[in-house]
């Protein structure tokens, strides 16, 4: 750049053709660029604007201050038509900036620069253009060094222009404050911010900038233990409060986003002084006006453990969400997809507070606004399970899985203590012979926790039980045997699940027994291999039972498992004897039950447990 600092090397190619709102704009552009390509002003002499042109410029600047740049442009274009001077062209280009035409502005400025135009107007225009360019890059999500380079150029040039004429370029104070603040030149930023609110005392954006700058100064002073820290905090909160007040109830999306930002900054400021109730209210305002951009996760952490207000005002994350939702619903009852995140977080906060009905209502609202929020179904399912609606819980879990399986797996893997309800639902499936539903839930857990053997074992058990249930029902009802392909699928998946569990924990005797059992009863497997697995399980169990510090519960469990393995081994080696033993045990059990019915007065004594079962032991 030939004015002040070297211009950063960027491609300023026009990517979006400018919209010509008025018929005269093409003529103005042609005239402007033609003038830029003409000989320098010094050679042809300046064309002084007429009094009428100067009046149009002042009226146009008033419109710019009122944020009506398109109307201002029309007046500036008339001034340029009256006098093709830099004085008139300056404000035409300035109106372009407020309409998002930074590339057009920079192209025109380069043309003017090549034509020999110099002076404070050019410095001012370049500085404003670079500031807008940097802010545009931020809005577009750019994160490289180009933002800082543009702000550095902007700050240097705007400071030069304001030093030359602070009244003429008064709208540059806010831009300088933002540019210097970004580069952490807080002294310059504060000076410019103070001047901005003096020049525009009713401008909400100017007060927001002053609040941000003062807050940065406070944080620095607080860290250094400087005595002025409290005064700086007061400056920051006062400025941010004024900004929120001036924004009022904006209708333009950009202003609503700025109001949300101001309220968020105000909430952060309040928390520095443990003013939790005020912070809660400020965050609620921010949520209501910018629900699609608000950082709910950050504020949830900031408000965690917020102290109760001595005056009884609500504090905390849920209180902010409830208030924010109410404000948003009052303003826009229908809402739209932008409110989905607010509804989701409200559901989550209610879930944490065990408000199961409110939780489901909020998550259902989130899904209405944004159906892709599939993990909402996970929390709906758990809320229903906590309400003892297990059928409804399964329906919700299936809805989430059908919508986006990966989302359900992800939320399950991060659910922590809430998985208790999930596992209670799995247990309900086991108690009610809903084997396929139990397998569905277990499969979710195997994907969420692929290195946890227990979930693989449960998956294998549910699949095996379903296959055996089908076979037993067909036998009892004397109906055709189940579809062989279906049984092959169930038992094949069950075996893979057991083998995965055993791979993760190869010395678990229960897993060895369960895997051997599958090979023994449902697959054509070498008898010696299965026998070796049963012996290995017994060997491990005996080693565990030999431990002197084994708890009573573990000892009882291991002894039961050892009996199960021994019985399965007997069925493998001598199935006829095992069958006779099972029949005798079943007969004894039936006789005991008949005796108990015939003599109910003798039922005080505990009935002996059966010594054998007519089906494999394990799982």
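The values are calculated or read from the model by the stated rules, or taken from the named source; none is laboratory data. This structure is a prediction, so every number in the text was calculated from the model and none was measured. For neighbour counting, all protein chains shown are included, and Cβ atoms are generated from backbone atoms with ideal geometry for every residue, glycine included.
Taking the numbered list (1) in a helix (DSSP H, G or I); (2) at pLDDT 95 or above in turn, residue 421 passes all entries but (2).
Picking from 98, 65, which residue would you name as being touching a residue at least 24 places away in the same chain (Cβ under 8 Å) and more than 17 Å from residue 158 (Cβ to Cβ)?
65
Here 277, 282, 261, 252 are screened, and the one residue that is closer than 23 Å to residue 202 by Cβ, surrounded by fewer than 23 Cβ atoms within 10 Å (Cβ to Cβ) and in contact (Cβ under 8 Å) with a residue 12 or more places away in the chain is 261. Residues of segment 111-122 that are farther than 26 Å from residue 140 by Cβ and either surrounded by 20 or more Cβ atoms within 10 Å (Cβ to Cβ) or in contact with a helix residue (DSSP H, G or I) (Cβ under 6 Å, 6 or more places away or on another chain) (or both): 112, 115, 117, 120, 121, 122. Taken together, 463, 436 contain a single residue that is at pLDDT 95 or above and assigned by TED's automatic domain parsing to the domain that holds residue 373, which is 436.
Among the residues making up segment 73-89, those that are assigned to a helix (DSSP H, G or I) and either touching a residue at least 24 places away in the same chain (Cβ under 8 Å) or surrounded by fewer than 19 Cβ atoms within 10 Å (Cβ to Cβ) (or both) are 73, 74, 77, 78, 79, 80, 81, 82, 86, 87, 88, 89. With respect to (1) surrounded by fewer than 18 Cβ atoms within 10 Å (Cβ to Cβ); (2) touching a residue at least 40 places away in the same chain (Cβ under 8 Å); (3) assigned by TED's automatic domain parsing to the domain that holds residue 268, the lone exception for residue 208 is condition (1). In this structure, residue 108 does not qualify as assigned to a helix (DSSP H, G or I) and buried (at least 24 other Cβ atoms within 10 Å of the Cβ).
Evaluating residue 369 against the criteria (1) more than 20 Å from residue 412 (Cα to Cα); (2) surrounded by fewer than 18 Cβ atoms within 10 Å (Cβ to Cβ) leaves one unmet condition, (2). In the set 589, 611, 615, 605, only one residue is more than 30 Å from residue 506 (Cβ to Cβ), modelled with pLDDT under 85 and exposed (fewer than 13 other Cβ atoms within 10 Å of the Cβ); that residue is 605. If you check residue 230 against the conditions, is it in a helix (DSSP H, G or I), under 30 Å from residue 122 (Cα atoms) and without any contact (Cβ under 8 Å) to a residue 24 or more places away in the chain? Taking the combined requirement at face value, the residue does not satisfy it.
Taken together, 378, 351, 363 contain a single residue that is in contact (Cβ under 8 Å) with a residue 60 or more places away in the chain and in the same structural domain as residue 405 (by TED's automatic domain parsing), which is 351. Does residue 53 satisfy the criteria of being farther than 25 Å from residue 250 by Cβ and modelled with pLDDT of 90 or more? So residue 53 passes the test.
Identify all residues within segment 381-398 that are in a helix (DSSP H, G or I) and touching a residue at least 24 places away in the same chain (Cβ under 8 Å); write none if there are none.
Here is the first cut: in segment 381-398, the ones in a helix (DSSP H, G or I) are 381-386, 390-398.
Once the filter is applied, which keeps residues that are in a helix (DSSP H, G or I) and touching a residue at least 24 places away in the same chain (Cβ under 8 Å), segment 381-398 yields 381, 382, 383, 384, 385, 386, 390, 393, 394, 397, 398.
Where helices (runs of 4 or more DSSP H) sit wholly within segment 449-562, those with at least 1 residues that are within 43 Å of the chain's Cα centre (by Cα) and surrounded by 16 or more Cβ atoms within 10 Å (Cβ to Cβ) occupy 453-477, 484-504, 509-522. Of the numbered criteria (1) closer than 27 Å to residue 540 by Cβ; (2) not assigned by TED's automatic domain parsing to the domain that holds residue 381, the one residue 423 fails is (2).
Of all the numbered requirements in (1) surrounded by fewer than 21 Cβ atoms within 10 Å (Cβ to Cβ); (2) in the same structural domain as residue 282 (by TED's automatic domain parsing); (3) within 18 Å of the chain's Cα centre (by Cα), residue 320 misses one, and that requirement is (1).
Quick test for you: out of 158, 125, 176, 92, pick the one residue that is assigned to a helix (DSSP H, G or I), buried (at least 20 other Cβ atoms within 10 Å of the Cβ) and in contact (Cβ under 8 Å) with a residue 60 or more places away in the chain.
Details: 158 fails: in contact (Cβ under 8 Å) with a residue 60 or more places away in the chain; 125 fails: in contact (Cβ under 8 Å) with a residue 60 or more places away in the chain; 176 fails: in contact (Cβ under 8 Å) with a residue 60 or more places away in the chain.
After ruling out the rest, the residue left standing is 92.
The number of residues in segment 161-173 being in contact with a helix residue (DSSP H, G or I) (Cβ under 7 Å, 6 or more places away or on another chain), free of Cβ contacts under 8 Å to residues at least 40 places away in the same chain and assigned to a helix (DSSP H, G or I) comes to 2.
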